[in-house]
1. Report yes if Arg65 is in contact (Cβ under 8 Å) with a residue 24 or more places away in the chain, surrounded by 17 or more Cβ atoms within 10 Å (Cβ to Cβ), touching an Asp or Glu at 6+ places or on another chain (Cβ under 8 Å) and of a type outside the set (Gly, Ala, Ser), otherwise no.
2. What is the one condition in (1) open to solvent by less than 20 Å² (accessible area, probe 1.4 Å); (2) in a loop (DSSP other than H, G, I, E, B) that Gly57 does not satisfy?
3. Looking at the stretch 160-197, which of its residues are within 15 Å of Leu84 (Cα to Cα) and in a loop (DSSP other than H, G, I, E, B)?
4. Can you name the residue in the stretch 75-123 that is at pLDDT 95 or above, in a loop (DSSP other than H, G, I, E, B) and of a type in the set (Lys, Arg) and, of all such residues, is nearest to Pro158 (Cα to Cα)?
5. Quick one: in the stretch 140-164, of everything that is charged (D, E, K, R) and under 17 Å from the mean Cα position of the chain (by Cα), which residue is surrounded by the most Cβ atoms within 10 Å (Cβ to Cβ)?
6. Please enumerate the residues belonging to the stretch 124-134 that are in a strand (DSSP E or B) and under 16 Å from Ser189 (Cα atoms).
7. Could you list, in sequence order, the residues of the stretch 129-174 that are touching a residue at least 12 places away in the same chain (Cβ under 8 Å) and among the charged types (D, E, K, R)?
8. Applying the selection to the stretch 26-44, what residues are open to solvent by 60 Å² or more (accessible area, probe 1.4 Å) and at pLDDT below 70?
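The values are calculated or read from the model by the stated rules, or taken from the named source; none is laboratory data. Quantities reported herein were computed from a predicted structural model and do not represent experimental measurements. Glycine also receives a Cβ, built like all others from the backbone with ideal geometry; neighbour counts cover every protein chain displayed. Only protein heavy atoms, including side chains, enter the accessible area calculation; ligands, DNA and RNA are left aside. Shrake-Rupley method; radii C 1.70, N 1.55, O 1.52, S 1.80 Å.
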Amino acid sequence: MKSAARSRLDPATFELFRRLSASRGRRIFHPRAAAYAARFTAEPGDGDAAAEIFVDGFAHDALVRLSRGLGLRPPLPDVFGLALRLPDVYGPGRHHDFLLASSGEGAVGRRLLRPTFGARTGMYSSLLPYNVGGRRLLVGARPAPESADVFDLLVAPPRGPWHVAARLTLGSRLEDAVARELRFDPWNSGGGLIPAGVVNRVRGAAYRGSRRGSAA
């Protein structure tokens, strides 16, 4: 029964967000953004994140997009997004994407969107969990205290403390056309780190619909 409901919900969600993006003439999510070349480096951890990309010593080139989620103009606050891609990390065309949004930090706040005034001013969270080695974990990020161009990538159980799992170092800013063309999907995943739950599935359909509508 649940499977049948989800099979009906996915195409309905896709079509809704396709129409919204088409009517707006651009993506309904994150229409204004800046993209950067970056470097992802796993950090020594406590074993919470038993995934390939979080193994101590793992490093990979990355792409990062920082964006205003609703596209509101400064000085208005907005829900900011930090999208991260590890291109071809599991083989040609097999990327790993993280889509994080500005949020609170505590056990409740990490599940809720939180508007802020800048892309490098506060906490980000996946809001929704991943299955990692049979456990549920959230993924987050926050600016490192020593540099505005460095983020700590974090993992936490739904109600436990955050732990640093990797470091993300931003490099050169890419052309605006690159930022406009980047398309992330939370279901670009693997290596023992998979989005969990029905809401994550619906979220994937929403992003795919938004991409199709903006392309049209």
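1. Judged against the criteria, Arg65 is not a match.
2. (1)
3. Matches in the stretch 160-197: Leu174, Leu182, Arg183, Phe184, Asp185, Pro186, Trp187, Asn188, Ser189.
4. Filtering first and then ranking leaves Arg114.
5. Ranking the candidates gives Arg142 first.
6. Across the stretch 124-134, the qualifying residues are Tyr130, Asn131, Val132.
7. Those that are touching a residue at least 12 places away in the same chain (Cβ under 8 Å) and among the charged types (D, E, K, R): Arg135, Arg136, Arg142, Asp149, Asp152, Arg159, Arg167, Arg173.
8. Within the stretch 26-44, Arg26 is the sole residue that qualifies.
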